[in-house]
Structure formats: structure tokens, C-alpha cells
Amino acid sequence: MEDMMLMAMMATVLLALGAFAGVLAGLLGVGGGIVLVPGFFYVFSALGFDSPQLMQICLGTSLATIIVTSLRSVAAHNKREAVDWLILRGWVIGIAVGATVGVLVAASLRSEILQAIFGILAIVVGVYMTLGRAHWRLGPKMPRGILRAVLSPIVGFLSVLMGIGGGSFGVPIMTLYGVPIHRAVATAAGFGVIIAVPSVIGFLFVDITVAPPFTVGAVNFLAFGLVVAMTLVTAPWGAALAHRLDPRPLKRVFGVFLLLVALNMLRKALGW
């Protein structure tokens, strides 16, 4: 009976988390992973599944949801011919290599270190969302050659360490190099697939000692199923809201919220 109540509590909170992540993804164009990773961490910790490998489960499960949501997003954007396949083809190998290395690194680190990494990187993303301006540019067109060979693995590597898709790093990079925002968001969804597929395969083989029910390797399939079900329902709601509201001030508000979440993750990582 106690196990059933625990499962019911876990399912209820995960459904709410998936609904929130889906609305944010549709409204602000940010990947759900930036919400799901800390959400999973707090849910699993509160339910008594805290362990030195808890962050691996959060990362692996978040990335598993990104496979489904990114594929759906790419298909929807491609119908509107918004995906820049030339950029995707040029970045695919580097991103996949970076993601694979990211899994190997993440599997070897303690949960506290991964929390600290997430917190630091989330602060960077939050600051950009809060202070970034649409007119900022690093160059007139997307980098090629050595610069692309350096940047593409970094995008894959850092995304895996945060358990996120391509949006949080890919969209800023593309817009800073002159790619229109709607095309950057559409193409970054493709980044998410490239990041998530090899990393989830790797996370399925990570040896976890303490894990919630229905966990294989570092992927919790109960959380995966419930969150995907909700994000597929609520992401269109967020997209509809985006057409009625100005997303720019909302993005700044979310940036501040993300900074608070990141600082709290750092606090927990430091044992305060």
C-alpha cells in the first residue's frame, strides 16, 4: 500500500512537471530539459531516491524525453520549411562526438559535481536570457572550418552535462551569427535529436546502485513516459500563448527564475 501511494505521488508530480515544461517549451522556445533536470532532481530526492548518482538519472531521463519532443518539433518545423538542413549536416558529427564524450564524463562524476556544473551553466543561460538582445552579433554567417569543429562538440558536450537539447546553446549561437530566430529555433530542434540519441544509448548502460522504480541504466522510464505524454499535450498550448503574448519579457522573467534554480542547485552541491 505504501509503495502504491509513493508511485501515485511520483506520477502526479511528474505529470505536473511535464505539463509545465511543455508550456514553457512552446511559449519561450526553450527546451524542456532545462526545467526537467532540476525538477527530476527535487522529485526523486523528496521521494527518498537521493544517491551519489542521482544527477545521472536526471540527465539520462531528460535526454530521453528530448528524443521524442525534438523529433516532433523538427517534423512540425520542416513542414513550414524552417529547418536549415545545411547547418544541421555541417554540425551533426561534431555535436554527436561531443555528446558521446559528455556521457562518458557524466557517468564518471558524482551527483554533487554534476549539480555544480548544471548550476554554473544554467547561470550562463539565465544571464543570456535575461540580458541578451536580438541585435547582438558575433559574425555575419554561421562559422565553418576550425571554429565550427571547435564549437559543435562543445554544444553536444555541454548539453549532455546539463541534460538539455540544442535550444539553450544552439539558438544563441545561431542568432549571434545572423540566423533568423524562427529558423534558429527550428534548426536547434534537430540539434536536440543529434545530442539525445547517442547520449541516451550511453546512459542506458550506466550502472546505477540506487534508483527509482522502472529505471534502466540511468533512464527512468516512468518519468519518461509521463513527461512525454504531458509535453506533447501542453507544448501546443504554450505555442498558442506565444502568438497572443510578447515572449520577450516572459523570457527575461524565466531567465531570472532559471538563475534562482541554478543558484539553489549550486547551494545543494556545496552542501549548504
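This table checks each residue for (1) more than 15 Å from the chain's Cα centre (by Cα); (2) in contact (Cβ under 8 Å) with a residue 40 or more places away in the chain.
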site	(1), (2)
Asn78	yes, yes
Trp91	yes, yes
Ser108	yes, no
Ile120	no, yes
Val125	no, yes
Gly139	yes, no
Arg148	yes, yes
Ile164	no, yes
### Message
So the check is Cβ under 8 Å with 6+ separation or different chains; which pairs have a first residue in region 29-45 that's on the phi < 0 side of the Ramachandran plot and a second one that's modelled with pLDDT of 90 or more and in a loop (DSSP other than H, G, I, E, B)?
### Response
Gly33/Gly163; Leu36/Gly163; Val37/Gly163
### Task
Within region 231-263, track down each residue that is under 16 Å from the mean Cα position of the chain (by Cα) and closer than 23 Å to Phe49 by Cα.
Val261, Ala262
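Here's the yes/no breakdown for (1) in contact with a Leu (Cβ under 8 Å, 6 or more places away or on another chain); (2) at pLDDT 90 or above; (3) in a helix (DSSP H, G or I):
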{"residue": "Pro143", "(1), (2), (3)": "yes, yes, no"}
{"residue": "Ile146", "(1), (2), (3)": "no, yes, yes"}
{"residue": "Pro153", "(1), (2), (3)": "no, yes, yes"}
{"residue": "Val160", "(1), (2), (3)": "yes, yes, yes"}
{"residue": "Gly170", "(1), (2), (3)": "no, no, yes"}
{"residue": "Ile173", "(1), (2), (3)": "yes, yes, yes"}
{"residue": "Ala184", "(1), (2), (3)": "no, no, yes"}
### Task
Would you mind stating whether Phe224 is within 23 Å of Val13 (Cα to Cα) and assigned to a helix (DSSP H, G or I)?
yes
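Can we say Thr130 is modelled with pLDDT under 90, among the polar types (S, T, N, Q) and part of a helix (DSSP H, G or I)?
yes
The values are calculated or read from the model by the stated rules, or taken from the named source; none is laboratory data. Predicted model, so just to flag it, every value in this text is computed and none were measured. All Cβ positions, even for glycine, are placed from backbone atoms using ideal geometry, and neighbour counts span all protein chains on display.
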